[in-house]
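To keep things clear, I will list the structure first and then write my remarks on it.
The values are calculated or read from the model by the stated rules, or taken from the named source; none is laboratory data. Computed from a predicted structure; not experimentally measured. Quick reminder, even Gly has a Cβ in these numbers, built from the backbone with ideal geometry, and neighbours come from all protein chains shown.
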Amino acid sequence: MSDDLFRYVLRLADDHLILGQRLGEWCGKAPSLEEDLALANIGLDCLGQARALYAYAGKIEGKGRDEDDLAFLRPEREYCNALLVEQPNRDFAWAIARQFYFSAYMLPFWRAMAKSTDDDLRAIAAKAEKEVAYHLRHSAEWVIRLGDGTEESRRRMIEALEELFIYTGELFEMDAVAHAMVSEGVGVDASALRDEWRRTVDGVLAEAHLTAPEAAYDQSGGREGRHTEHLGHLLSELQYMQRAYPGLEW
Amino acid sequence: MGVVVADALNPSNVRSRRAWDVAAAVPDPEIPVVTLADLGILRSVECDDDGAVTARVTPTYSGCPATQLIEQMVLEALKRDGFDNVRVESVMSPAWTTDWISAEGREKLRDFGIAPPVKASNSIRALFGETAVSCPLCGSEDTERISEFGSTPCKALYRCRTCLEPFDYFKCL
């Protein structure tokens, strides 16, 4: 039970740390000041959620690892985030599409998690659900604005939505760890969220006069530590300070 | 749990009350017109028979960078007041929402030029739901959102169409 719980919480924490890092990359170079603030703020929410989850994961593991050890001192193959969140910021539309797909998933996820039998996860979820409502609204507004905007913004939005679509199926996968957590009343049945996610995505894309993509296949493996080439590069930047100056504190 | 009420027959409770008052008066580091008690983030202060004080605070927004600073400020305020053995704990449950902000706290925010959060947290559940935010300066409800995300995680940027002033809105959570 505690091994599964550790793994389960770690996955959630990794999703949010990695996405937070990707969002932080926009700081100082977003297309407008308001977006600079927005993307950094959303990244900060992700980081805050990740910290609470890492602290809890460290407590479950009981080996004395704290949030920093878990965030900064693991090799790439030990990260178990979904592949979607590690995808790079090719342009603003990519950042928006990635956020939109992820937030449309996390909103019903946290809502279900807020009924977990686990006190810590329930408390984290209660807060995160409301924060994600803002993230989803922000990204959905941009999907519509770009999708129904100029010829170029539309072309880029379509490309980002299509290219990233193959990574969305992984969000709904259920393996032995996830099933064990659901049967304990701790975890969320992710596969049951797919219909609601699809309705949210289709609704927003219809408003943007876009057609929802269909995936020819689903790319997965992140939960077992098999990542795309992008995660290693991200981690080299994320971990640089702790690797170069072990134990450094502010 | 909660506030330890002073009890004249039990000196440790008098100290609990004193410790509560000290911690409750600590100002928010980013919006110093409101105190931790106004924001509803000080959950309890206990003083045991040996004089050890445990203050429990709860974080606001997950990404709020002031959380650690607030814990540090509570610690220092209590030490300055003569409490030597002080511990500050962070509690997650029950989760803080903007409904924990007191009526007095909401008025202080408005006086400071920050529109207090609209009540009924459910309003944020509608995907494109717009909430009516009144201008903290002239009271007009004819306002528009400039940016959902502002200078701190808890604020959004608005503009009043009546008096034309831009202002911060303390986001509903």
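State yes or no: is residue A:22 in a helix (DSSP H, G or I), surrounded by fewer than 19 Cβ atoms within 10 Å (Cβ to Cβ), away from chain B (no Cβ under 14 Å) and modelled with pLDDT of 95 or more? Judged against the criteria, residue A:22 is not a match. Would it be correct to say that residue B:69 is assigned to a helix (DSSP H, G or I), assigned by TED's automatic domain parsing to the domain that holds residue B:35 and over 24 Å from residue A:123 (Cα atoms)? In short, no. For residue A:39, the test of being at the interface with chain B (Cβ under 10 Å from one of its Cβ atoms), surrounded by 22 or more Cβ atoms within 10 Å (Cβ to Cβ) and farther than 28 Å from residue A:118 by Cα is passed. Just to be sure before I move on: is residue A:29 surrounded by fewer than 20 Cβ atoms within 10 Å (Cβ to Cβ) and either β-branched (Val, Ile, Thr) or under 23 Å from residue A:241 (Cβ atoms) (or both) in the structure I sent? Spelling it out, residue A:29 is indeed surrounded by fewer than 20 Cβ atoms within 10 Å (Cβ to Cβ) and either β-branched (Val, Ile, Thr) or under 23 Å from residue A:241 (Cβ atoms) (or both). Annotation: of all residues in the stretch B:72-86 being not charged (D, E, K, R) and not in a loop (DSSP other than H, G, I, E, B), the one that is nearest to the other protein chains (Cβ to nearest Cβ) is B:72.
Candidates B:142, B:81: the one that is in contact with a Cys (Cβ under 8 Å, 6 or more places away or on another chain) and surrounded by fewer than 16 Cβ atoms within 10 Å (Cβ to Cβ) is B:142. Considering the conditions (1) away from every other protein chain (no Cβ under 14 Å); (2) of a type outside the set (Val, Ile, Thr); (3) without any contact (Cβ under 8 Å) to a residue 60 or more places away in the chain, residue A:189 is excluded by exactly one of them, (3). Taken residue by residue, the stretch A:59-80 has at least one member that is under 30 Å from residue A:198 (Cβ atoms) and away from chain B (no Cβ under 14 Å).
On inspection, residue B:65 fails the criterion of being within 23 Å of residue B:171 (Cα to Cα) and modelled with pLDDT of 95 or more.
Run residue B:31 past the list (1) buried (at least 18 other Cβ atoms within 10 Å of the Cβ); (2) at pLDDT below 85 and report the number of the one that doesn't hold. Failing condition for residue B:31: (2). With respect to (1) away from chain A (no Cβ under 14 Å); (2) at pLDDT 90 or above; (3) closer than 29 Å to residue A:142 by Cα, the lone exception for residue B:132 is condition (2).
Across the stretch A:108-126, the qualifying residues are those that are within 11 Å of chain B (Cβ to nearest Cβ) and in contact (Cβ under 8 Å) with a residue 60 or more places away in the chain, and the one among them that is nearest to residue B:145 (Cα to Cα) is A:124. Of all residue pairs spaced 6 or more apart or on separate chains, those with beta-carbon atoms under 8 Å, a first member in the stretch A:2-28 that is among the acidic types (Asp, Glu) and a second member that is assigned to a loop (DSSP other than H, G, I, E, B) are A:14/A:79; A:14/A:80; A:14/A:81; A:15/A:81; A:15/A:82; A:25/A:89. Only residues that are away from every other protein chain (no Cβ under 12 Å) and buried (at least 18 other Cβ atoms within 10 Å of the Cβ) were counted across the stretch B:145-167, and they come to 3. Scanning the stretch A:47-100 for residues that are surrounded by 21 or more Cβ atoms within 10 Å (Cβ to Cβ) and more than 22 Å from residue A:25 (Cβ to Cβ) yields A:52, A:56, A:57, A:58.
Just checking, which of A:134, A:167 is buried (at least 20 other Cβ atoms within 10 Å of the Cβ) and not in a helix (DSSP H, G or I)? It would help to see each step written out before you state the result.
Working: A:134 fails: not in a helix (DSSP H, G or I).
Sole residue among the options that is buried (at least 20 other Cβ atoms within 10 Å of the Cβ) and not in a helix (DSSP H, G or I): A:167.
The set of residues in the stretch B:87-110 that are assigned to a helix (DSSP H, G or I), within 13 Å of chain A (Cβ to nearest Cβ) and crowded, with 16+ Cβ neighbours inside 10 Å comprises B:98, B:100. Just one of (1) closer than 27 Å to residue A:4 by Cα; (2) of a type in the set (A, V, I, L, M); (3) modelled with pLDDT under 95 fails for residue A:121. It is (3).
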